[in-house]
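Structure first, commentary second.
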Amino acid sequence: MSGENGWLAVFRTLQEAFGPQAWWPAQSPFEVMVGAILTQNTAWRNVEKAIANLRAADALSVAAILTLPESDLAELLRPSGFYRIKTKRLLALCRFLEAQGVSAVPEQLARQAAVPALRQDLLAVHGVGEETADSILLYALGLPVMVVDTYTRRIGGRVGLLGDHLSYTEVQAAIEAELEPGDAAVRNALHALLVSLGKDYCRPRPRCDTCPLNTRCVYAAGQCRPRQPEQP
């Protein structure tokens, strides 16, 4: 589906329902990068606690993180869960930024190469997968890359825009096909709106009756239709 029934229609409906999301919440591009690592397999509230620890320790910079003893960094990241794994991943990202010569101003990574090359470089960093790489590209660097996550897949499937068993690349391409090339702001807003919908409405057990997309949702029409009262 496309046009009035596609991703742009979903975007317009959610934008009208929810308004601006101001996502990703952070005080600097580097904090976004840190959050992209720490949010893997955990709730955002846990990420916030770990970032607050880093801020309190004056350790929200590449140089500070690389200077900290690994055990001390791990303790700061403990609230994020899987903190030993994430410590190694965050250190790998910081070493990458240092090797690129952008440790002082990490957002300058955006000027290092074209988006496809930057994406491949990020994917080569230990612990950085497709969603994490694209979150860094979009939210930290302001580059026009659509992020795909669990919410994207769930919502896209339920409204009839995505088939089952599509790869990350296939889902991303399906959405990108409808978006204006080079428009990072729309990609940012669309993904943020999908996150909001997925958290509050389109859950594993969805709240279809109050969902802004219920009139265009295949799942809502078929699975969440109110039961008719039994005839006497």
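The values are calculated or read from the model by the stated rules, or taken from the named source; none is laboratory data. Note that the structure is predicted; figures quoted are calculated from it, not measured. Glycine gets a Cβ as well: all are built from the backbone with ideal geometry, and neighbour counts include every protein chain shown. Please note that ligands, DNA and RNA were not included when accessible areas were found on the heavy atoms of the full protein model with its side chains. Shrake-Rupley method; radii C 1.70, N 1.55, O 1.52, S 1.80 Å.
Please work out if Lys49 is open to solvent by 50 Å² or more (accessible area, probe 1.4 Å), charged (D, E, K, R) and in contact with a His (Cβ under 8 Å, 6 or more places away or on another chain). Against the criterion (open to solvent by 50 Å² or more (accessible area, probe 1.4 Å), charged (D, E, K, R) and in contact with a His (Cβ under 8 Å, 6 or more places away or on another chain)), Lys49 does not qualify. Put simply, of Leu90, Leu109, Leu118, Leu76 the only residue that is more than 20 Å from the chain's Cα centre (by Cα) and either surrounded by 15 or more Cβ atoms within 10 Å (Cβ to Cβ) or part of a loop (DSSP other than H, G, I, E, B) (or both) is Leu76. For Ala64, state whether it is over 16 Å from the mean Cα position of the chain (by Cα) and part of a helix (DSSP H, G or I). It is true that Ala64 is over 16 Å from the mean Cα position of the chain (by Cα) and part of a helix (DSSP H, G or I). Residues of region 168-210 that are free of Cβ contacts under 8 Å to residues at least 40 places away in the same chain and of a type in the set (Val, Ile, Thr): Thr169, Val171, Thr210. Take Leu197 and tell me if it is under 13 Å from Phe11 (Cα atoms) and either under 13 Å from the mean Cα position of the chain (by Cα) or of a type in the set (S, T, N, Q) (or both). Here the answer is no, as Leu197 does not meet what is asked.
All conditions but one from (1) open to solvent by less than 50 Å² (accessible area, probe 1.4 Å); (2) part of a loop (DSSP other than H, G, I, E, B); (3) of a type in the set (A, V, I, L, M) apply to Ala104; the one that does not is (1). Residue count for region 93-137 satisfying the condition of being over 24 Å from Pro25 (Cβ atoms) and of a type in the set (A, V, I, L, M, F, W, C): 6. Evaluate the following for Leu66: is it open to solvent by 50 Å² or more (accessible area, probe 1.4 Å), at negative phi, touching a residue at least 12 places away in the same chain (Cβ under 8 Å) and not charged (D, E, K, R)? Yes, satisfied. Of all residues in region 115-132, exactly one satisfies the criterion of being of a type in the set (S, T, N, Q) and in contact with a helix residue (DSSP H, G or I) (Cβ under 6 Å, 6 or more places away or on another chain), namely Thr132. Checking each residue in region 187-210 for being open to solvent by 10 Å² or more (accessible area, probe 1.4 Å) and more than 16 Å from Gly19 (Cβ to Cβ) picks out Cys202, Arg203, Pro204, Arg205, Pro206, Arg207, Cys208, Asp209, Thr210. A Cβ distance below 8 Å, combined with a sequence gap of six or more or placement on separate chains, defines the contacts here; from region 144-163, residues that are farther than 15 Å from Asn5 by Cα and free of Cβ contacts under 8 Å to residues at least 60 places away in the same chain reach residues that are part of a helix (DSSP H, G or I) and of a type in the set (Phe, Trp, Tyr) in the pairs Val147/Tyr139; Val148/Tyr168.
When region 169-186 is filtered for residues that are open to solvent by 30 Å² or more (accessible area, probe 1.4 Å) and out of contact with any helix residue (DSSP H, G or I) (no Cβ under 6 Å at 6 or more places or on another chain), the ones remaining, listed by number, are Thr169, Glu170, Ala173, Ala174, Glu176, Ala177, Glu180, Pro181, Gly182, Asp183, Ala185, Val186. Based on what the data block shows, is Val105 over 23 Å from Val195 (Cβ atoms) and free of Cβ contacts under 8 Å to residues at least 60 places away in the same chain? Judged against the criteria, Val105 is a match.
Need at least 1 residues that are modelled with pLDDT of 95 or more and either over 30 Å from Leu143 (Cβ atoms) or of a type in the set (Gly, Ala, Ser) (or both) per element, so show me which helices (runs of 4 or more DSSP H) inside region 165-232 make the cut, counting only ones lying wholly within it. Please lay out each step first, then the result.
Working: elements: 168-176, 184-200, 218-223.
In region 165-232, the matching helices (runs of 4 or more DSSP H) lie at 168-176, 184-200.
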